[in-house]
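Working notes, structure below.
The values are calculated or read from the model by the stated rules, or taken from the named source; none is laboratory data. The structure presented is a predicted model; accordingly, all values stated were derived computationally and were not measured. Cβ placement follows ideal geometry from the backbone for every residue including glycine, while neighbour counts extend to all protein chains displayed.
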Amino acid sequence: MQNLPIDQLTIAFEAHPKPETQSYSYGTAGFRMHASKLDSVVFKVGILAALRSKLLNSQTIGIMVTASHNPPEDNGVKIVDPMGEMLPQEWEPLATELANAESFDTFVEVLQKIVHFGNIDLSKTANVIIARDTRESGPSLVSSAKDGVFSIDSGAIWKDFGELTTPQLHYLTRSSNDSSFGVATETGYNDKLVNTLEKILKLWGINEPLEITVDAANGIGSPKLINLKSDLINCTVVNSDIQDPHALNVNCGADYVKTNQKLPANVNDPIPFKLYSSFDGDADRVIFYYVDDQSNFRLLDGDRIATLLATFISTLLSNLNESISSQLKLGIVQTAYANGSSTKYIESTLKVPVSFTPTGVKHLHHKAQEYDIGVYFEANGHGTVVFSQHYTNLLANYKTSDKEELKSLETLKSLVDLINQTVGDSISDLFAVLVALKITNQSSADWSSSYRDLPNRLFKVVVKDRFLYKTINAERELSHPIGLQDKINAVVSKYDQGRSFVRASGTEDAVRVYAEADTVEHCIELGEAVCQLVRESTTPARSLLSSLPQDILSNVFSNLNTTDLLSLTKSSRRFSMIAQPLLFRSIKLTNESTKDQGTMMVKSTLISSFKGFLQFVYSILNQNDLGPLVEELKFDDLDRSIQYIKLSSVTDSGRSGRSNYWNLKISEVLSIYELEHLSGNLPFDLTDMTLFDCLVILLNYTTNLKKLFVPSLNLRQIDAISSSLDSLQDLTITLKHDESSMNVNQFADLKSLKKLTIQFESGSDKLLSHLSDVLYKSGILKNLDSLELIYLKLDFNEVILPTWISFFSNLPSSTSVFQSLKSFKMYDCQFDDQQVTLIKHLIKCIPFQQITSLYLKIFEYSHKSKRHQSESLSHFEKHENFTLNLLSPYITSLKSLTLKPTKNCLQCQFQSIVQFLTNHHNLHHLSISMHTLNSQNFHHLNTIISQTQKQLKSLVLFDENMHMKLINSFKSWYVHQNELKFDSYKNFEIEVAAQDKEESVYTYNSATFEKFNKNYESLLILLWKSILADYKLDELMSLVGCIDGGFKLYGFNFRVVKERKLIQVYVCESVGYKDVMFHY
């Protein structure tokens, strides 16, 4: 793989400097703002587009320079992916981070991050096309994008199409990668549209041209519409002045007409009931309107377009044989802003299902793809119709000799080409509407009379913190502030056909209140009443909170997550003083994007993972009052990022290349400029210091540290920091096989220790024994609440021995040794043929009668050379000599049990677990990961859990046998239904299995897993509905319905809503729980 072309990038970066203090954010519309601030952004978007092309094996990527309906002085830029879709959502933060990179070093680091994120082969050739609208700033910004593309790839394939509509650029991008979609030229776009339009009209014997007056917003839509030559098109275009750059969108265009509810400029003396339409500046949205005989303005917005096209398509489908039409699912997708009358009309009159999504085209488009014919239009006129491959294949293979049926069939087939499925398209949608009206013989008044829009208003309420307002149910209801939605519902119930919802603004501290009702007066009353509820939801509560004593506030704040505490530090000086110590209680330094609600995290990747640590140390040194606030310090293993740094002396002696990154010099992590900056602000020289030296300094300042988790520290390093750990309550240490001669007497000073986690390698027997002796004689073992023994396997082929027993071998045979112990964990610990003897010795040391939490992932010794059914095996040789059964008589207080797969007889394992659960009925938390072998065993296990564990608060269940059936079910749904490529499915299979690592029923272990669930939400719910019923998991949930914490089954989170008798599945953080099925 090639390296980044640093020399080319340096020259180009200096030519396109980022404006100081300016920040950027990539959203649905890409980057959009005043054109003078966009040069550096468009340059970097050029680079990003080239990287996307390289990632996708040199497929063509599009760049569109436009600001749509914004004023003429604005501009924007966005990336179009190979199939004409928008930039994937997971790339939006990368685009934002790249755009905001101010220094060249940061710029290069972000590029390295992106290359690593996508595992991009830089040797691939980038293929990028670009177009722009008519804005004066367009040519200059196109040049900036070109500089970006060639700075990352001097041999890139580049094509500038000049001035195009946004939908035309989407069309060209897709057709460049998929020749079946069309010819990849502007002429190809025009021919496809005109030929299809003429074909449909001729099918229905329509020879007179389609007539309409179009307001083109003085934008690019004007020349492109005029260029369409056909005897069947007669469009009068007004507001077509593209020569005056200051005329764009001024007193004209779709947004102007929709917002002001009046005719645009230059539509003078309108003919009553004659249909007019307006485009926006880049021609990706369209609305219609007319005036009646009383000169009243009548708007036909996106809701109307959706209902018209759905009605038209539904009528055509009804003309087909039912055996065909019944196989095609038609649906309309709306947002909360859709008028309630349109929703009622669709569901009650058209009998077409309606789905709701959060606001934004990307949500609507994705949801529409779940139907065979998915219709979506926002009220502003942006939308389209998408058709599934099943739709295309079914109609292509259907033959009929009936002339009327044939007309409908051929029209349905042609709609695939008439409508631009990649994105909303003013011209394409204009013709689709005119065709629908013409064939169904409807006038503008007929179209308008299908239903009456309810009067509606949009209000704005300024609030101090918009993030307090959280929505559910596609933004139609509030989940927070708690109780506010109930008050809104009570107010809404007073008005006939009333509806109102509250949604936080995305750009300012304000909320939008939407209201609709049967009359204008009632609509305004309802909206103002809900606005008042919003105001009352903040002011009194904040006043009451501020009046509470400090000790009560501290108690309240201590139960908040990190995000809420951060908000409190910014709300007032008093709240900040209380929240800041709580915020710094627990610090986690990580190179993963993880979820930890109670932890302040310093997150970064690659080289920056080390920089994140140094930045934190630097902050503590410059704000000495912060150090004592830190009570918990956790480090993820940053070893994975060490490969990106040229190492000098980071290898432990005798470790054969196994790295200890704490020996890494700071000069190898920071650039010269960063090193000079830090050294100039610190009272010591950083040049020869290591990361471990910084850790020592950090621990000297965190004087109240209670918990420390630092992987990869050896005993020499622990010895060096032991003087700083007097008050430590929670410690994780690693014992390596080559440290057997090390002194461990320093651990005798850890008098405050409550939890000890020991990670050990094979060959560390003597060290384990010596350590336990020191801890016993110093009285530390008797004060421990929790003990964890974790075996670290270095080689897959390594012969594992029961090294762990060395920790107990020299201890007295008395349970008073661990007289305070409540939690005991053994992870990857091995037993041999002396298993019974080992467990009996363990029972003499560990007071299992007082253990409340037990975690076992152990490799037990079993009848490996004999079959389970062998008559030569005694009953005792089978499951009765397993650890659980031998411990069972001594366990009397257990509340939490976690069991993981073991390498032994699976049948014995199953019998052992069943017998234990039968004898122990007081568990609050149960986590089982095993292999039940067959469905009979699986159902038996479920029955045992249901009948015996009536006090459970949470249940985590993972069964290898059922997991394979689950994966095969997913494969059938996602792969065989052409919903997903096989490689993506394989990644998902891995992600499902990975969830077993995360025991919490409240989180998922991977952002990839959450994204997959969100993208395939509907299929996910349908699939689980089937699985829960087929495998009787719904019975397990209903029988153990007392659970408050929830269920985790095969990596997925569930909960039972007892009041509603509902089972729900957790999709992802942004969606939350969704209904799956009722239970009885």
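A few notes on this one:
- Residue count for segment 339-357 under the criterion of being part of a loop (DSSP other than H, G, I, E, B) and surrounded by fewer than 18 Cβ atoms within 10 Å (Cβ to Cβ): the result is 2.
- ILE718 meets each of the listed conditions (1) modelled with pLDDT under 75; (2) over 36 Å from the mean Cα position of the chain (by Cα) apart from (1).
- From the options LEU169, LEU141, residue that is of a type in the set (A, V, I, L, M), touching a strand residue (DSSP E or B) at 6+ places or on another chain (Cβ under 9 Å) and either surrounded by fewer than 24 Cβ atoms within 10 Å (Cβ to Cβ) or outside the structural domain of GLU14 (by TED's automatic domain parsing) (or both): LEU169
- Near pairs, Cβ below 8 angstrom, 6+ apart or cross-chain, from segment 70-83 (free of Cβ contacts under 8 Å to residues at least 24 places away in the same chain) to any residue that is not in a strand (DSSP E or B): none
- Selection count where residues are at pLDDT below 85 and either out of contact with any Ser or Thr (no Cβ under 8 Å at 6 or more places or on another chain) or in a helix (DSSP H, G or I) (or both), scope segment 800-811: 1
- Residues being of a type outside the set (Ser, Thr, Tyr) and within 18 Å of LEU1019 (Cβ to Cβ) - total across segment 365-386: 10
- Exactly one residue out of LEU952, LEU926 is touching a strand residue (DSSP E or B) at 6+ places or on another chain (Cβ under 7 Å) and assigned to a loop (DSSP other than H, G, I, E, B), and it is LEU952.
- Sole residue being in a helix (DSSP H, G or I), among the polar types (S, T, N, Q) and buried (at least 16 other Cβ atoms within 10 Å of the Cβ), chosen from ASN190, ASN195: ASN190
- Annotation: SER537 fulfils all but one of (1) surrounded by fewer than 18 Cβ atoms within 10 Å (Cβ to Cβ); (2) of a type in the set (Ser, Thr, Tyr); (3) in a helix (DSSP H, G or I); the unmet one is (1).
- TYR345 aromatic (Phe, Trp, Tyr) and over 27 Å from GLU85 (Cα atoms): yes
- Scanning segment 73-120 for residues that are in contact with a Leu (Cβ under 8 Å, 6 or more places away or on another chain) and among the acidic types (Asp, Glu) returns ASP81, GLU109.
Conditions tested, residue by residue: (1) at pLDDT below 85; (2) within 20 Å of GLN835 (Cα to Cα).
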{"position": "LYS895", "(1), (2)": "no, no"}
{"position": "LEU899", "(1), (2)": "no, yes"}
{"position": "LEU917", "(1), (2)": "no, no"}
{"position": "ASN937", "(1), (2)": "yes, no"}
{"position": "ASP959", "(1), (2)": "yes, no"}
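- Qualifying position, being out of contact with any Gly (no Cβ under 6 Å at 6 or more places or on another chain), modelled with pLDDT of 85 or more and of a type in the set (A, V, I, L, M), among LEU923, LEU933, LEU966, LEU955: LEU923
- Test: residue in segment 206-217 that is farther than 20 Å from ASP255 by Cβ, in a helix (DSSP H, G or I) and charged (D, E, K, R): no
- Residue list for segment 812-846, restricted to those being assigned to a helix (DSSP H, G or I) and either charged (D, E, K, R) or free of Cβ contacts under 8 Å to residues at least 12 places away in the same chain (or both): THR837, LYS840, LYS844
- Test set (1) surrounded by 23 or more Cβ atoms within 10 Å (Cβ to Cβ); (2) charged (D, E, K, R); (3) in a strand (DSSP E or B) - ARG32 fails condition number: (1)
- Restricting THR384, THR422, THR411, THR400 to those that are surrounded by fewer than 18 Cβ atoms within 10 Å (Cβ to Cβ) and either in contact (Cβ under 8 Å) with a residue 12 or more places away in the chain or charged (D, E, K, R) (or both) reduces the list to THR400.
- Residue check, THR125 surrounded by fewer than 18 Cβ atoms within 10 Å (Cβ to Cβ), touching a residue at least 60 places away in the same chain (Cβ under 8 Å) and farther than 21 Å from VAL386 by Cβ: yes
- Test for VAL416: is it under 30 Å from ILE220 (Cα atoms), of a type in the set (Val, Ile, Thr) and in a loop (DSSP other than H, G, I, E, B): no
- Residue tally, condition at negative phi and more than 34 Å from the chain's Cα centre (by Cα), over segment 161-183: 3
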